[in-house]
Structures are given as structure tokens and as C-alpha cells.
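The values are calculated or read from the model by the stated rules, or taken from the named source; none is laboratory data. Predicted model only: the values in this text are computed from it and were never measured. As a convention, Cβ positions derive from the backbone with ideal geometry for all residues, glycine included, and neighbour counts pool all protein chains shown. Surface areas here come from the heavy atoms of the whole protein model, side chains and all, with no ligands, DNA or RNA. Shrake-Rupley method; radii C 1.70, N 1.55, O 1.52, S 1.80 Å.
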Amino acid sequence: MKVFLYPNLGKNNCAEYTVEACNILRSCGIGFSVSEKYKDVFADVNGMVFGSTEECMDNADIIIAIGGDGTILKCAGRASRLKTPILGINCGRLGFMASLEHSQLDLLRNLIEGKYTVSRRMMLEASASGEEGTYSALNDVVVSRSDDCKVSDFEVVKDGQIVSLIRANGVIFSTATGATAYSLSAGGAIIEPEMECIEFTQICPHTLFARSMIFSASSKIKVKCHTADNAHVHLNVDGNIVYRLSDGDEINIRRAKESLDIIDICGGSFFSSVNTKLMRPLKDTEG
């Protein structure tokens with residue numbers, strides 16, 4: 001078995017946890033590699049193989065992302081195309097996609113014994129009018145106003161039928177995986193991550209009625225933007241601005257052909273995360 005390590009060294013103690021993970025993997029006879037850009041950081045780690053990120057990912061059986069959910073998002077696109085599962089180790093605060101906390105690294109031994117399950121996650125594909133390429137998202141596709149846009153109207157069409165005509169700061173189209181990210185902060189529902197659906201949530205809508213909607217996974221969604229002259233909105237994919245839109249531009253969103261496999265090495269880690277990381281602040285305030 002070969003593992004590619006994808007650490008986010010911007011996280012506290014990430015380098016230390018990466019070295020600890022390497023020691024455990026080596027004791028199990030599992031080979032591991034990391035990007036050559038980290039050669040100075042991990043030069044003293046016995047058994048470490050260095051190479052280009054692309055080469056190492058292409059040759060790996062499993063990708064271990066060490067950081068947080070953002071770290072998983074950064075390698076999700078290529079991993080989904082390669083059909084290589086990702087195991088997340090959380091070094092941050094939330095980490096809903098991560099199976100392990102940094103205090104549970106010893107459970108990496110379960111990899112060699114096959115003591116884990118794989119959760120298949122639906123992804124989205126987005127394309128902008130006038131743009132040839134497409135963008136894939138594990139969490140969400142967001143269309144939101146930019147700094148030069150005071151007022152924006154969004155026309156949302158599903159399978160040829162108008163769903164909503166709203167004035168808002170933006171609209172979020174989320175997978176079930178992304179339901180605990182931006183969509184949740186905007187008032188969306190928590191969805192079991194293996195569900196295949198698209199959640200539509202409005203951002204600060206100018207209306208007395210604002211509730212999330214759940215669309216079927218087969219839905220084909222079109223978003224048309226209406227702005228003032230010389231104003232713009234942004235297309236954000238998994239938190240990254242990928243395109244700037246003007247009045248009348250359209251975004252097409254649908255289910256992506258690819259999906260991502262996420263390793264759960266603890267069992268029931270999503271619901272455990274919801275209870276401990278979202279409900280804990282409420283429980284701590286109870287008398």
C-alpha cells in the first residue's frame with residue numbers, strides 16, 4: 001500500500017502530526033510520499049519519498065490530507081478524477097470531513113487491516129456563460145455580489161422552470177457534504193453527507209420568506225444574474241473565486257460525473273462531529 005501525504009503546514013503542529021503519522025505508517029509497512037516542496041521540512045523522516053504532487057498522487061492508493069476540511073478540498077478534484085480515496089486528519093476546529101482527530105493517529109494502523117469504510121460523496125459541476133471550462137465542487141457553488149455591486153437580483157431556474165426571483169447578497173448551491181459549510185451559516189439544513197441532492201440556500205435575501213430548498217441530484221440548474229451597469233458578481237467554487245460575471249451572465253450547475261471517496265476509519269464520525277463541534281457550545285452554556 002502507498003500513501004500520499006498532503007499536509008497543510010499553516011495549521012498548528014501539522015508538521016509534528018505528519019511526522020507521527022509517518023512513523024505509524026512505516027511501522028505497518030505502508031509506503032508514503034509527500035510533495036518535494038516539503039523536502040526541507042521532512043528530510044529527516046525515514047522512508048519518506050519526495051516527488052511532484054501530481055506524480056505522488058497518481059501512484060498513491062490512499063491520500064491522507066492533514067489539516068482541515070479546506071485541505072481536503074484542495075486535493076479533492078484530482079483525487080476524484082483518479083478515484084483515489086481521501087482520509088482526513090483534523091488539525092483545526094471543525095473538520096466535518098476528517099475521519100481522525102490528531103489525537104487518534106494510532107488508528108492509522110487500521111488501514112493495513114482494511115478496518116475502515118468508504119463514504120462516496122456527490123460533487124457538482126459549474127460552468128459560466130462565455131467560458132469554455134467547467135469547475136468541480138465538493139462543497140458548494142456560490143454566486144455572490146462583489147464589492148462594486150450594491151444590489152443584485154438572481155433568477156434561479158431548475159429544469160427549465162423558474163424556482164425563484166430574489167434580491168439577495170447571493171445564492172448557494174451545496175452538496176450534502178457542503179451542507180455543514182457556508183450553507184449552514186446562511187441558515188441551511190444539515191444533510192447526511194452520503195445523500196445525493198443539491199441544497200439551494202439564499203444569502204441575506206430581501207424577503208420575509210427565506211428557506212432552503214432541496215433539489216434532486218439529477219437537477220439542471222441555471223442562475224441568471226441581474227446587476228446595475230458596471231457592477232459584477234462572483235462565481236465561487238469551494239471557496240475560491242473562479243469567474244467574474246456581469247449583468248445577464250448565466251451559471252449552469254449540475255451533478256458532476258466524478259464523485260469523491262472519503263475514508264471513515266472511526267465509524268459514525270460525521271454525527272459525532274455534529275454533536276461535539278456544533279452542539280457543544282450550546283451544551284456548555286446549560287446550567
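Using the Cα gyration tensor of the range 37-107, with a ≥ b ≥ c the square roots of its eigenvalues, what is the shape: rounded (a/c below 1.5), prolate (a/b larger than b/c) or oblate (neither)? Cα axes put the range 37-107 in the oblate bin.
Per the Debye calculation on the range 97-211 with a single equal scatterer at every Cα and no solvent contribution, log₁₀ I(q)/I(0) for q = 0.15, 0.20, 0.22 Å⁻¹ amounts to -0.78, -1.17, -1.32. In the complete set of protein chains, residue-level accessible area for Asp249 is approximately 40 Å², probe 1.4 angstrom. Backbone amide hydrogens, once placed in the peptide plane, bring Ile66 within less than 5 Å of Tyr6, Asn8, Ile89, excluding anything fewer than 5 places away on its chain.
Shape verdict for the range 1-53, please, from the Cα gyration tensor: rounded (a/c under 1.5), prolate (a/b greater than b/c) or oblate. Oblate, since a/c reaches 1.5 and b/c is not below a/b.
Just report the Cα centroid separation between the range 71-121 and the range 132-202, whole Å. When both Cα centres are located, 25 Å separates them. Of His234, His102, the residue with the largest accessible area leads and the full order is His102, His234 (1.4 Å probe). Taking Cβ atoms as reference points and 13 Å as the exclusive limit, the residues near Lys220 contribute a net charge of +1, counting Lys and Arg as +1 and Asp and Glu as -1.
Extension gain for Arg109 to Asn252 (0.36 nm times residue separation, less C-alpha to C-alpha distance): 47.2 nm.
Dipole size of the chain about its Cα centre, with +1 on Lys/Arg Cβ and -1 on Asp/Glu Cβ: approximately 380 debye, rounded to the nearest 20.
Coupling constants for the range 61-72 follow from the phi torsions by the Karplus curve (6.51 cos²θ - 1.76 cosθ + 1.60, θ = phi - 60°), and in residue order they are 8, 9, 10, 10, 9, 10, x, x, 4, x, 5, 5 Hz; glycine and proline get x. Positive end of the dipole of the chain (Cβ unit charges, origin at the Cα centre): among Cys149, Ala189, Gln202, the Cα lying farthest that way belongs to Ala189. Residue-wise HN-Hα couplings along the range 38-48, as the Karplus relation 6.51 cos²θ - 1.76 cosθ + 1.60 with θ = phi - 60° gives them from phi, are 9, 4, 5, 6, 10, 4, 8, 7, 5, x, 5 Hz; Gly and Pro carry x.
Counting only the Cα atoms, the chain fills a convex hull of 151 Å³ per residue.
Under the combined filter of DSSP loop state and at most 15 neighbouring Cβ atoms within 10 Å, the range 137-227 retains these trypsin sites (Lys or Arg not before Pro): Lys150, Arg211, Lys220. Annotation for the range 213-242 versus the range 1-69: alpha-carbon center distance of 36 Å.
Estimated from helices alone, the mean residue ellipticity of the chain at 222 nm is -5000 deg cm²/dmol (sum of -39500 (n - 2.57) over DSSP H runs with n ≥ 4, per residue).
In terms of its C-alpha gyration tensor, the range 145-241 comes out prolate, because a/c is 1.5 or above and the ratio a/b outweighs b/c. The translational diffusion coefficient of the range 203-246, from Stokes-Einstein at 25 °C and 0.890 mPa s with a Kirkwood hydrodynamic radius over alpha carbon pairs, comes to 184 µm²/s.
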